[in-house]
Amino acid sequence: MEDRVRTTITDGVADVRLVRSDKMNALDDAMFMALLETGEKLKSDSAVRAVVISGEGRAFCAGLDMSNFGRMASGERDANKSEITGRLAARTHGIANRAQYAALVWRDIPVPVIAAVHGVAFGGGFQVALGADMRFVAPGTRFSVMEIKWGLVPDMAGMFLMKGLAREDIIRDLTYTGRIFEADDALSYGFATRLCNDPYAEALTVAREIADKSPSAIRAAKRILNDAPDNDAAAILLAESVEQDKLIGGAHQKEAIMANLEKRRPNFAG
C-alpha cells in the first residue's frame, strides 16, 4: 500500500499522501485499494482529529491510469483481473462500489478532511478531491470532468458530490464537454474552498487548528452536515438539537470552556 499512499499521524493530524508521482498519482487498481484501505483505517482511529490528503510530485491526481482504458477498449471486464473496473453495479460498500467508495470514504471518516490540490485533478482525481470536506487549491491547478473524453460518465460518486457544490447547469456543461477549467473557475463554481499559494502547508495549518478544537463537537458537526437531508429544515433543526444535548456538560465541552476562561490551550483527553 505504501507504494501508492503513505500516511503519517502527528498530534492528531493524519497526513495522507498519494505517492505514485511518476504517474502523476494516476488511479490503477493498487491506488484504488490503497485509498480504500487508508480511508477504512482512518475511520476507526479515534486518535485522528483531522486529515489532509494531497499528491506528491506534479499533480494531485491525473485520473484513471491509461492501462485501464486499454482493457476497456479490448472488451475485458473480468473482475478476477480487476477488482475495480470489473462489473460495477455490484454494491461492495453500502450503497457504493469500490471505485465510488474511494471518493466517498473521506465523507465517512468522522473528522474533517482537507484535500490540498495542485497540478491537475482530472476525472477520478477530481472526484476523490470532491469527497473531502474542503479543497484548498493552488493557483494554476487544472480540473476536468474528463470521463466523456473516453466515452464514459463520472462514476466515482462524482454526480452525487458535484450536486452538493455547484449549479446544475454548470455540472451539465462540465460533464457533457469534459472541458478543462482553472482554479479560479473551480472557486467560482463552488468546487474549491480556498486558493492558496501552498495548499498543502495551509491545509496542515488548518488541520492542526481543527485538531485543537473539541473532538466531540467536531465529529458532531460533521455528522449533522453529512446526514441532514438537503432542504429538510425540520430534520436539520432536530439534528442540531440532538447533537447539542449530547455535547452540553460533557468532558470536552467543559474543557473548552475552562481553556477559554483560563486563556490556555485546551487538553482534550480521549
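Numbers at a glance
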item	result
Matching strands (runs of 3 or more DSSP E) fully within the range 118-237 where at least 1 residues are of a type in the set (Val, Ile, Thr) and assigned by TED's automatic domain parsing to the domain that holds THR92	120-122, 134-137
Flag for GLY55 being touching a strand residue (DSSP E or B) at 6+ places or on another chain (Cβ under 9 Å), more than 22 Å from ASP212 (Cα to Cα) and not assigned by TED's automatic domain parsing to the domain that holds ALA221	yes
Matching residues in the range 106-117 - criterion: being assigned to a helix (DSSP H, G or I) and surrounded by fewer than 23 Cβ atoms within 10 Å (Cβ to Cβ)	ARG107, ASP108
Every pair of residues 6+ apart whose Cβ atoms lie under 8 Å, when the first sits in the range 94-109 and is farther than 17 Å from ALA26 by Cα while the second is assigned to a helix (DSSP H, G or I) and among the acidic types (Asp, Glu)	VAL105/GLU40
Exclusive hit being in contact with a Lys or Arg (Cβ under 9 Å, 6 or more places away or on another chain), of a type in the set (A, V, I, L, M, F, W, C) and surrounded by 14 or more Cβ atoms within 10 Å (Cβ to Cβ), set LEU204, LEU174, LEU187	LEU187
Flag if LEU247 is in the same structural domain as ALA62 (by TED's automatic domain parsing) and either within 20 Å of the chain's Cα centre (by Cα) or over 30 Å from HIS118 (Cα atoms) (or both)	no
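The values are calculated or read from the model by the stated rules, or taken from the named source; none is laboratory data. Remember, predicted model here, so these are calculated numbers, not experimental data. Glycine gets a Cβ as well: all are built from the backbone with ideal geometry, and neighbour counts include every protein chain shown.
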